[in-house]
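Taking it in order: structure first as structure tokens, then the write-up.
A short reminder: the numbers here are calculations on the coordinates, not readings from a lab. Note that the structure is a prediction, hence the values are computed from the model and not measured. Heads up, the Cβs are rebuilt from the backbone with ideal geometry, glycines too, and the neighbour counts pull from every protein chain shown.
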Amino acid sequence: MEFTQTELYQLINLARGPLWLVGADLSQANLSRAILREADLAWSNLQGADLRGTDLEDASLRSANLAGADLRNANLKGANLEGANLEGAKLQGAVMPDGRTYY
């Protein structure tokens, strides 16, 4: 699945429940400050995505590609990052799955 920036904005802002984006290609997407609580992003490609300040609490990012993604100040509390690729990801200020802030 590929989305335009406008489609992403509409999808996220009009959702009435957790989003199901399993396997979506969101590489280089601007998702900064989006509310993606409990979203299922397993096996999604988020390489180079802008996720600054994004709320990903309790989201599934299982086996997602987050290489080079900007997750600064994101909320990952309770998120499932099992098998996720975080190589080169920026995590400064992010709240990690265990509730601790990454410095």
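Quick notes on this structure:
- Estimated inter-spin distance, Phe3 and Glu82, nm [label 7 Å along Cα→Cβ]: 2.5 nm
- Cβ crowding within 10 Å, taken as a proxy for footprinting-reagent exposure, orders Leu8, Leu66 from fewest neighbours to most as Leu8, Leu66.
- Between helix 5-14 and the chain: long-axis angle, C-alpha atoms, 0 to 90°, nearest 10: 80 degrees
- Histogram of C-alpha separations across the chain, 10 Å bin width, %: 18, 58, 23, 1
- Mean separation of Cα contacts under 8 Å (6+ apart) over length of the chain, as relative contact order %: 19 percent
- Dipole moment magnitude, nearest 20 debye, region 64-103 about Cα centre, only Lys, Arg, Asp, Glu C-beta charged: 160 debye
- Among Thr101, Thr6, Thr54, the ranking by other beta carbons within 10 Å of each residue's beta carbon, starting with the fewest, stands as Thr6, Thr101, Thr54.
- In this label model, Arg33 and Arg16 are separated by 2.7 nm, measuring between points 7 Å along each Cα→Cβ vector.
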